[in-house]
Amino acid sequence: MAYFTKYVCFYKLSNENTLMLNTLTGAIDVVDNETFYLINKTIKSRKINKKFDDQTYIKLKNRGYIFETKNEELKIKNKLREISLSSNSKVLNTKFVICPTMGCNLRCTYCFEGNDMHKNFKLMSEKQLNVIFNHIHQSIDKFKASDQSKSKLNYPTISLFGGEPLLSCNYSIIEKIFRFSNELKIPVSIVTNGTTINEYFDLIEKFKDIISVIQITLDGNKAIHDIRRIYADGRGTFDKICNGIDKILKTGIKISLRINVDKENIDGISELKNIFDKNNWSKNPLFVPYASPVKCYKCIQDSNILKESEMLDIFIKNGWYGNEQSFLKTVLSPVFGVVTNFFETSNDKIKPWKQTYCEATFGAQYCFSPDGTITTCLTCVGKPKYKIGTFDENSVNIDENKLKMWTQRDYFNMQKCKECKFLLFCAGGCPVQSVERFGRIDYPSCDDIEKTIEIYVKNIANKLLLSKWR
Ligand code: SF4
Ligand code: SF4
């Protein structure tokens, strides 16, 4: 017997119109009140409403809202699962994250790495580094011989991460990495706290052609930033970082300015815009600010953490994000990425679905830490419980079974996700959160995706109203 799919969500766009979103087929349709009423009645009664005219019925069927049999619907879901698993299994390791040390000169109040790692650290040895270089050579050969070399998406990159990669004790390691990247013409990105730019400036200038971007964090004006991003002795870092940003921009290297947002700093975000203007950064195309929510992977409730939907709501209401004039062009999170990607893809193209949750489950990224562990997730660098392999002064050894736990994490088969209409938007949530909270990687870790979509849709309602149900 024909039935209405459960993979449908409704969002009110105006007094007369509602957006109908089919999370299984990716269809979006704006319906009037009469059609919405009939659809709603159908869903509640679990019987197809006889009052649908033929044209409406056929359209609902063609767009995957109505199925004649459960098998038809299941076939689509199975096909999407097959494509997701198959494309994930083909991904090659092309993103190489090198952490010269896990030590850091800062003690940021919300850091996910933990200060023990920052205080008691070792440096990557030259032999370890050579083993990584060798691994990169081999991986690039595999990449060049594969189909993936046709796509820019997977083109090899090196990222410097830590700890703080630009500690002065890392200088010779960083120099070697730059030389290596330069020879192979592999772009290098750097994630730094920005306090040691002066010490590295000559090196950065020298190798600026291979440095694709430098990510630096500012969390608010001086008063706010200086209570969050502090040295070990409690001093603030705001002035030092601003000087560093100025110097980098003069070299022509792109700055990705990250703002970590939680309840403690969200009210002060607007002041950052004045700081960007005052420093003449706002109009510089090399300066790209973005916000990202601070996360707690362990705790279900933390008094400082904002849900992504709450953060987005505040950003949009204040005009900081979501219109032409907004100073934040991007909000970075796996949840938010899929929502924007979905709505920005035009309706005549195949809408994207989340084939894998994040870079850690995608499988292209390996993160090398001086303790000899390899992880796929940046958050877990140097944490043995998350390793997918090891390396020493002789070789790199990947544990394929452990790697598969990430890259083949089958969210289509997780019990709660199977029943969830956001499955294709969510892909089971953050695996680290699943491990930290529930002790298992193959366990769902729900984000507030429903509310996030609702807020996003409300902001683009006028645009959506232009594509009415015909
Ligand atoms: S596994 Fe979680 S913490 Fe790691 S990259 Fe993915 S979303 Fe981030
Ligand atoms: S993790 Fe939660 S929200 Fe995501 S698909 Fe699974 S059940 Fe749905």
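The values are calculated or read from the model by the stated rules, or taken from the named source; none is laboratory data. Keep in mind it's a predicted model, so treat the numbers as computed, not measured. No Cβ is skipped: glycine too gets one built from the backbone with ideal geometry, and neighbour counts run over all protein chains shown. Ligands, DNA and RNA are stripped out before the accessible areas are found, and what is left, the full protein with its side chains, is counted by its heavy atoms. Shrake-Rupley method; radii C 1.70, N 1.55, O 1.52, S 1.80 Å.
Evaluate the charge dipole of region 297-386 about its Cα centre and quote only its size in Debye, nearest 20, assuming +1 on the Cβ of each Lys and Arg and -1 on the Cβ of each Asp and Glu.
Roughly 220 debye, rounded to the nearest 20.
When the accessible area of region 410-449 is split by element with a 1.4 Å probe, what percent falls to carbon and sulfur? Walk me through the numbers before you get to the answer.
Numbers: 780 of 1570 Å².
Here carbon and sulfur together make up 50 percent of the probe-accessible area.
With angles folded into 0 to 90 degrees, how steeply does helix 171-184 sit against the dominant principal axis of the chain? Use alpha carbons for both and round to 10.
It is inclined by approximately 60 degrees.
Report the trypsin sites (Lys or Arg not before Pro) located in region 213-250 that are in a DSSP loop and have at most 16 other Cβ atoms inside 10 Å of their Cβ, or state none.
235
Counting only DSSP beta bridges with both residues in the chain, what percent are antiparallel, rounded to the nearest 5?
Restricted to the chain, the bridges split so that about 40 percent are antiparallel.
Pull out the extension gain between residue 111 and residue 151, defined as 0.36 nm times the separation in residues minus the alpha carbon to alpha carbon distance; nm, one decimal.
Extra length from residue 111 to residue 151 when fully extended: 10.9 nm.
For the chain, take the longest principal axis of its alpha carbons; what is the angle in degrees between that and the long axis of helix 334-344, to the nearest 10 within 0 to 90?
50 degrees
Cα-based Rg (one decimal) and Dmax (whole number) for region 338-399, in Å?
16.5, 52
For region 267-294 and region 311-388, what is the centre-to-centre distance using only Cα atoms, to the nearest Å?
20 Å
Which listed residue (266, 112, 131) has the Cα farthest towards the positive end of the charge dipole for region 92-407, taking +1 on Lys and Arg C-beta and -1 on Asp and Glu C-beta about the Cα centre?
131
Please get the size of the charge dipole for region 339-456, origin at its Cα centre, with Cβ charges of +1 on Lys and Arg and -1 on Asp and Glu, quoted in debye to the nearest 20. Intermediate results must be reported in sequence, preceding the final value.
Details: 15 positive and 16 negative charges, 66 e Å.
Dipole of region 339-456, to the nearest 20 debye: 320 debye.
Suppose only helical runs count, i.e. DSSP H with n ≥ 4. What mean residue ellipticity at 222 nm does that imply for the chain under -39500 (n - 2.57) per run, divided by all residues and rounded to the nearest 500 deg cm²/dmol?
-11500 deg cm²/dmol
About the Cα centre of the chain, what is the dipole size in debye to 20, counting +1 per Lys and Arg Cβ and -1 per Asp and Glu Cβ, all else neutral?
Values: 68 positive and 53 negative charges, 275 e Å.
Around 1320 debye, computed over the chain.
Mind listing which trypsin sites (Lys or Arg not before Pro) in region 346-409 are in a DSSP loop and have 10 or fewer other Cβ atoms within 10 Å?
For trypsin sites (Lys or Arg not before Pro) across region 346-409 that sit outside H, G, I, E and B with at most 10 neighbouring Cβ atoms in 10 Å, the list reads 349.
Can you list the residues, at least 5 places off or on another chain, whose amide H is less than 5 Å from the amide H of residue 23, using H built in the peptide plane?
Amide H neighbours of residue 23: 8, 9.
Rounded to the nearest 0.05, what FRET efficiency do residue 201 and residue 72 have when you use their Cβ-Cβ distance and R0 = 60 Å? It would help to have the intermediate numbers written out before the result.
Details: r = 62 Å, r/R0 = 1.04.
My answer for the efficiency is 0.45.
Distance from the Cα centre of region 433-470 to that of region 81-148, in angstrom?
A separation of 29 Å, based on Cα centres.
Non-local amide H neighbours of residue 102 (under 5 Å, H modeled in plane, Pro and chain starts lacking H): which ones?
122
Hey, could you pull the Cα Rg and Dmax for region 410-449, both in Å?
9.1, 25
Enumerate the calculated ³J(HN,Hα) couplings along region 220-227 in order (Karplus 6.51 cos²θ - 1.76 cosθ + 1.60, θ = phi - 60°), each rounded to whole Hz, writing x wherever the residue is Gly or Pro.
x, 5, 3, 4, 6, 4, 6, 9
Modelled label-to-label distance, residue 467 and residue 282, 7 Å Cα→beta-carbon offset: nm?
The answer from the label model is 3.2 nm.
Counting residues in region 1-68 as N, plug N into 2.2 N^0.38 Å and put the Cα Rg over that result.
Relative to the 2.2 N^0.38 Å estimate, region 1-68 comes out at 1.00.
What list of ³J(HN,Hα) values in whole Hz, one per residue of region 56-71 in order, does the Karplus curve 6.51 cos²θ - 1.76 cosθ + 1.60 (θ = phi - 60°) give from phi, with Gly and Pro shown as x?
5, 4, 5, 5, 4, 6, 4, 9, x, 8, 10, 10, 7, 9, 4, 4
Treat each spin label as a single point 7 Å out from the Cα along the C-beta direction, and report the residue 212 to residue 82 distance in nm.
About 3.3 nm, to one decimal.
So which lysines pass the test for residue 307, namely a Cα distance under 18 Å, with those fewer than 8 places away in the same chain ruled out?
263, 295, 298, 317, 451, 458
At each listed q (0.10 Å⁻¹), what is the log10 of I(q)/I(0) that the Debye formula gives for region 92-407 modelled as equal alpha-carbon point scatterers?
-0.59
Which angle from 0 to 90°, rounded to the nearest 10, does the C-alpha axis of helix 308-317 make with the longest principal axis of the chain?
90 degrees
Compute the length gained on full extension between residue 442 and residue 142: take 0.36 nm times their separation in residues and subtract their Cα-Cα distance, giving the result in nm to one decimal.
105.1 nm
Ranked highest first by the average count of other Cβ atoms within 10 Å around their residues, in what order do 48-56, 290-298, 196-204, 16-24 fall?
Details: 48-56: 12.9, 290-298: 17.9, 196-204: 15.9, 16-24: 20.7.
By packing density, highest mean first, the sequence is 16-24, 290-298, 196-204, 48-56.
If packing is taken as the mean number of other Cβ atoms within 10 Å per residue, what is the order of 166-177, 115-126, 434-445, 275-286, highest first? Before the final figure, lay out each step's value.
Details: 166-177: 18.2, 115-126: 15.2, 434-445: 16.8, 275-286: 13.2.
Most protected by this proxy first, the peptides run 166-177, 434-445, 115-126, 275-286.
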